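Trainee: Below are the structure tokens for one structure; questions will follow.
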Amino acid sequence: MLTHYFTLALKVLWRRKFFTFISLFGISFTLLVLTVVTAMFDNAFGPGTPEPRLNRTLFVDRAVMYGPHSTWTSSAGFKLLDRYARDLPGVERLSIYEDERTVQSFVGGRKIRSALKRTDDEFWRILDFRFVEGGPFGTEDVKQARFVAVINATTRQRFFEGHPAVGRTLEADGQRFRIVGVVEDVSEARGAPFADIWVPYTTAKTDAYKREIIGGWHAMALARDTALMRGIHDEFNSRLLRVELPDPKGYEAIVAPFETKFENFARNMPTGDRKDPESQVVRLIGALVTIGLLFVLIPTVNLVNINISRIMERASEIGVRKAFGAPARTLVGQFLVENILLTLVGALIGFALSVLALRALRQSGIVAYAEFSLNPRVFAWGILLAIGFGFISGVYPAWRMSRLNPVDALKGGVSR
């Protein structure tokens, strides 16, 4: 029976080329946009190298110090994280690292711009970089403030034209570093792992950062278990109540919660409240769902109208089949199969266009080192969207079909 439905559906769709073209255009364009957006979100928030344990990793990316008349929003300060984030119950590993900064180097008369990030040794134990040469710097390198560096593959190409780099030196930010490792490029959208050059934070030109509550630093905590993440969040928030603020008269509290990457993203969106230490994910999801529904609503309504027109054109055919005893559920099932098949064809076209669009985005360099792709997660979401789109846009027309009166249908009319 199902094979018969598919065969008949293909013939019907091919016979009505105009309706089929309009439907395919709407479906493929809608899924193109949704797939590209999903791929971009997956590139930033999905688990993968070098963040395979995102499900139990928490970050402090923003700090907000506020009072009755003013608010100071920035990255957290090293002193805040070093004093209050250490030894949190439930934390397996903790890393404190600096914002990446753009530094300049000169090689053979060429000026090279690089993103440099100062980190501790725990940074390399929480994250799982793929090394193509050498390895990370370690605890002693940080303690002794050794001028060593890990670079990415693109930096190796820029400085050494792709030749082996371990053991060689490079100049960055007015300092010379000996290279101990080379890793694969990491997408800028990843945030915490991203840089071109990583060096020990103790090689900073001044130790003024050790006295700052606000400014320039982040923390990354790997929880022993996902069940402990809420406790880590709450304990750190309670510790922040004891922070000695630099200007007690101007500022009365500081908010810098440990959050997942997506929670942090939600806090920094217009829907979020940076002064609230609790998660803003519900608001962001609500906003995203609303935008998604509004975006899908128009093509869905258009497809429903096209499907109703297709049904009205086939009124005589439906009337004959009902007159010969075809049950309503058979006709409804046939139409839903036709619509889902049409949607899946549109999805394939949308996927093909998505591959081209993602390749263009990758080559544009808008997001440094981004690898936008249709991985299994993105593909699965696209298929679910396509089937759901086809089912929803086919239910009402199928219901209208089931109400056609055989006599009126044979005359080309519709019963009310």
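The values are calculated or read from the model by the stated rules, or taken from the named source; none is laboratory data. In this text, all values refer to a predicted model and were calculated from it rather than measured experimentally. So basically every Cβ, Gly included, is an ideal-geometry build from the backbone, and we count neighbours across all protein chains shown. Keep in mind that these areas ignore ligands, DNA and RNA; they rest on the heavy atoms of the full protein, side chains included. Shrake-Rupley method; radii C 1.70, N 1.55, O 1.52, S 1.80 Å.
Trainee: Name the single residue that is least open to solvent (accessible area, probe 1.4 Å) among those in segment 350-371 being more than 12 Å from Thr35 (Cα to Cα) and of a type in the set (Val, Ile, Thr).
Mentor: Val367
Trainee: If you take the residues in segment 61-87 that are without any contact (Cβ under 8 Å) to a residue 24 or more places away in the chain and assigned to a loop (DSSP other than H, G, I, E, B), which one is least open to solvent (accessible area, probe 1.4 Å)? Even if it seems obvious, please write down each step before you answer.
Mentor: Step one: filter segment 61-87 for residues without any contact (Cβ under 8 Å) to a residue 24 or more places away in the chain, giving 83, 86-87.
Now restrict to residues that are assigned to a loop (DSSP other than H, G, I, E, B): 86-87.
Details: Arg86: 79, Asp87: 141 Å².
Among those residues, the one meeting the criterion is Arg86.
Trainee: Does segment 220-262 hold any residues that are farther than 16 Å from Ser95 by Cβ, of a type in the set (Phe, Trp, Tyr) and assigned to a loop (DSSP other than H, G, I, E, B), and which are they?
Mentor: Tyr251
Trainee: So, in segment 114-152, exactly how many residues are in a helix (DSSP H, G or I), surrounded by fewer than 18 Cβ atoms within 10 Å (Cβ to Cβ) and within 26 Å of the chain's Cα centre (by Cα)?
Mentor: Of segment 114-152, the ones in a helix (DSSP H, G or I) are 123-126, 139-143.
Pick out the ones that are also surrounded by fewer than 18 Cβ atoms within 10 Å (Cβ to Cβ) and you get 125, 139-140, 143.
Now drop any that are not within 26 Å of the chain's Cα centre (by Cα), which leaves 125.
So the answer is 1.
Trainee: Would you confirm, using the coordinates I've provided, whether Leu58 is among the aliphatic types (A, V, I, L, M), open to solvent by less than 70 Å² (accessible area, probe 1.4 Å) and not in a strand (DSSP E or B)?
Mentor: no
Trainee: Filter segment 360-375 for residues that are on the phi < 0 side of the Ramachandran plot and among the small types (Gly, Ala, Ser) and give the result. Steps first, answer last, please.
Mentor: We begin by selecting, within segment 360-375, every residue on the phi < 0 side of the Ramachandran plot; these are 360-364, 366-368, 370-375.
Result: Ala360, Ser364, Ala368, Ala370, Ser373.
Trainee: Further question: Given segment 168-219, what strands (runs of 3 or more DSSP E) lie entirely inside it while holding 1 or more residues that are under 18 Å from Asp128 (Cβ atoms)?
Mentor: Because the criterion is at least 1 residues that are under 18 Å from Asp128 (Cβ atoms), the strands (runs of 3 or more DSSP E) in segment 168-219 that meet it are 175-183, 197-200.
Trainee: In addition: Can you tell me which residue within segment 153-168, out of those that are over 32 Å from the mean Cα position of the chain (by Cα) and not small (Gly, Ala, Ser), is least open to solvent (accessible area, probe 1.4 Å)?
Mentor: Across segment 153-168, the extreme among qualifying residues is Phe160.
Trainee: May I pose another question? Out of Glu244, Glu188, which single residue is open to solvent by 80 Å² or more (accessible area, probe 1.4 Å) and within 26 Å of Val367 (Cα to Cα)? Talk me through it step by step, then tell me what you get.
Mentor: Values: Glu244 fails: within 26 Å of Val367 (Cα to Cα).
Sole residue among the options that is open to solvent by 80 Å² or more (accessible area, probe 1.4 Å) and within 26 Å of Val367 (Cα to Cα): Glu188.
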